[in-house]
1. How many of the residues in segment 121-140 are surrounded by 12 or more Cβ atoms within 10 Å (Cβ to Cβ) and either within 30 Å of V159 (Cβ to Cβ) or of a type in the set (D, E) (or both)?
2. Which one of the conditions (1) of a type in the set (G, A, S); (2) in contact with a Lys or Arg (Cβ under 6 Å, 6 or more places away or on another chain); (3) closer than 19 Å to Y80 by Cβ does G140 fail to meet, given that it meets all the rest?
3. What tally of residues in segment 79-120 results from selecting those that are among the β-branched types (V, I, T), farther than 14 Å from F46 by Cβ and surrounded by fewer than 19 Cβ atoms within 10 Å (Cβ to Cβ)?
4. Take segment 158-183 and flag every residue that is touching a residue at least 12 places away in the same chain (Cβ under 8 Å) and of a type in the set (G, A, S).
5. Could you go through segment 7-25 and let me know if any residue there is open to solvent by 80 Å² or more (accessible area, probe 1.4 Å), under 22 Å from the mean Cα position of the chain (by Cα) and either at pLDDT 95 or above or of a type outside the set (A, V, I, L, M) (or both).
6. Looking at L194, L157, L166, can you tell me which residue is open to solvent by less than 20 Å² (accessible area, probe 1.4 Å) and either modelled with pLDDT of 90 or more or not aliphatic (A, V, I, L, M) (or both)?
7. Restricting the first residue to segment 56-73 and requiring it to be exposed (fewer than 13 other Cβ atoms within 10 Å of the Cβ), which pairs with a second residue that is in a loop (DSSP other than H, G, I, E, B) meet a Cβ separation below 7 Å and a spacing of at least six or different chains?
8. Do you know which residues across segment 31-51 are open to solvent by 70 Å² or more (accessible area, probe 1.4 Å) and charged (D, E, K, R)?
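The values are calculated or read from the model by the stated rules, or taken from the named source; none is laboratory data. Values in this document were obtained by computation on a predicted structure and should not be read as measured data. Reconstructed Cβ throughout: ideal geometry from the backbone, glycine too, with neighbour counts over all protein chains shown. These accessible areas exclude ligands, DNA and RNA; they are computed on the full protein's heavy atoms, side chains included. Shrake-Rupley method; radii C 1.70, N 1.55, O 1.52, S 1.80 Å.
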Amino acid sequence: MKLKIIFFLFILQFSYSQKTENTNLVKFNHDIRVNAIIPSNFGENFLAEANDSKIGIGTNFSFLRIHNFKLGVGYDYMPYSTTDITRAGNISSAQFHTAYGDISYEIKIAKKLNIEPYFGVGGAELKFKSDGRSFGKQTGENIRVGFNTDFQLAKRLSVFLGLCYLNSNLDINTSPEFVSYYDNAKLIQVNIGLKIH
């Protein structure tokens, strides 16, 4: 009888351990960020030297959590107006779109304060317009590295401030001497927004 009780307690403990381990390992996550983007382009390239950046918008959705690591997807939109027609030609404005996947890691600093560094890769699209008409686009890929600092306002609402370095490589078909000027975009983004969790 004692052997049966010990065996039963062992099975119960083992199943409980397996259950708690599995529920803590992988969880569905539902963090949604919506933010304004203040971009600052730099380097010797078309976006930095021939355009003026405007305030953009971005969103990010973290859908899976493994311990403190989070997997997510995001989208950014940044508008530009042309400042140098000698380099832009007939283009009066450009729109920079990025869609990406990222991995972030949540670090608790204080009761209501978190910092969340991240790394992401994705696609980039630079669309050109003039007088409401489309003048083609460039596509490519990008990498991003940054962090967000979250301050909790309510149980499911935080405000955040973030900094991101974004490096994009764009496809271009032009004379070889101009390729390096039009085939990349480098920028620092300041992100300010709300996080729903």
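1. Residues that pass the stated criteria total 5.
2. Here G140 clears every test but (2).
3. At the first step, the residues of segment 79-120 found to be among the β-branched types (V, I, T) are 82-83, 85-86, 91, 98, 103, 107, 109, 115.
After this cut, where a residue has to be farther than 14 Å from F46 by Cβ as well, the list is 98, 103, 107, 109, 115.
Filter once more, keeping what is surrounded by fewer than 19 Cβ atoms within 10 Å (Cβ to Cβ): 103, 107, 109, 115.
Residues that pass the stated criteria total 4.
4. Restricting attention to segment 158-183, the residues satisfying the condition of being touching a residue at least 12 places away in the same chain (Cβ under 8 Å) are 158-172, 180-183.
Within segment 158-183, S158, G162, S168, S180 meet the criteria.
5. no
6. Step by step, each of L194, L157, L166 is checked, and only L166 is open to solvent by less than 20 Å² (accessible area, probe 1.4 Å) and either modelled with pLDDT of 90 or more or not aliphatic (A, V, I, L, M) (or both).
7. N68/E106
8. Within segment 31-51, E44, E49 qualify.
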